Amino acid sequence: MKIINRRAYHDYQILETFEAGIHLLGAEVKSVKGGKMSLEGSFVRVVGSEIYLVNAEIYPYPYARPEGYESRRTRKLLLHKKEIISLKTKLAGAKLTLVPLECYNTHGLVKLKIGLARGRREYEKREKIKKRDTERDISRMMRGKIR
């Protein structure tokens with residue numbers, strides 16, 4: 001089970017990554033381990049000395065009780081205090097943001113990979129796509145697949 005936020009890799013230049021745990025309820029853990037999560041449109045926010053995952057959707061587990069379940073609630077992320085302090089100083093210094101990149105299962109625990117990122121401008125995105133296309137064409141010509 002690995003949930004990847006592909007949009008984040010396209011829209012942002014990832015400078016540094018961190019691995020954080022997520023504070024989940026019992027049915028949410030089963031749902032995430034089953035791959036029923038979406039990181040589209042979600043972001044990470046630092047509030048005081050704590051970090052939260054905002055707007056990530058964990059779909060309800062079908063065999064759990066659905067009463068009062070919020071699929072897009074704010075969830076606390078678990079990081080060491082030193083990491084949180086270093087993130088706060090880096091965020092305050094430049095135009096950087098925290099973006100959730102991947103959610104995966106490690107040794108029975110649900111982890112979230114967050115990235116310290118700088119937003120890409122539109123022309124940078126186009127240049128990246130153009131460079132990728134030319135590299136693909138060159139590799140095809142080297143293999144002899146293009147006419």
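The values are calculated or read from the model by the stated rules, or taken from the named source; none is laboratory data. Given the structure is predicted, the values throughout are model-derived calculations rather than measurements. Note that we place each Cβ from the backbone using ideal geometry, even for glycine, and neighbour counts take in every protein chain shown.
Remarks
- Condition met for TYR69 (free of Cβ contacts under 8 Å to residues at least 40 places away in the same chain, of a type in the set (Phe, Trp, Tyr) and surrounded by 14 or more Cβ atoms within 10 Å (Cβ to Cβ)): no
- Scope the range 81-120; condition of a type outside the set (A, V, I, L, M), part of a loop (DSSP other than H, G, I, E, B) and either touching a Leu at 6+ places or on another chain (Cβ under 7 Å) or loosely packed, with under 10 Cβ neighbours inside 10 Å (or both); matching residues: LYS95, HIS107, GLY108
- Condition met for VAL44 (under 19 Å from LEU109 (Cβ atoms), touching a residue at least 60 places away in the same chain (Cβ under 8 Å) and assigned to a strand (DSSP E or B)): yes
- Residue among LEU24, LEU15 that alone is in contact with a Leu (Cβ under 9 Å, 6 or more places away or on another chain), modelled with pLDDT of 90 or more and on the phi < 0 side of the Ramachandran plot: LEU15
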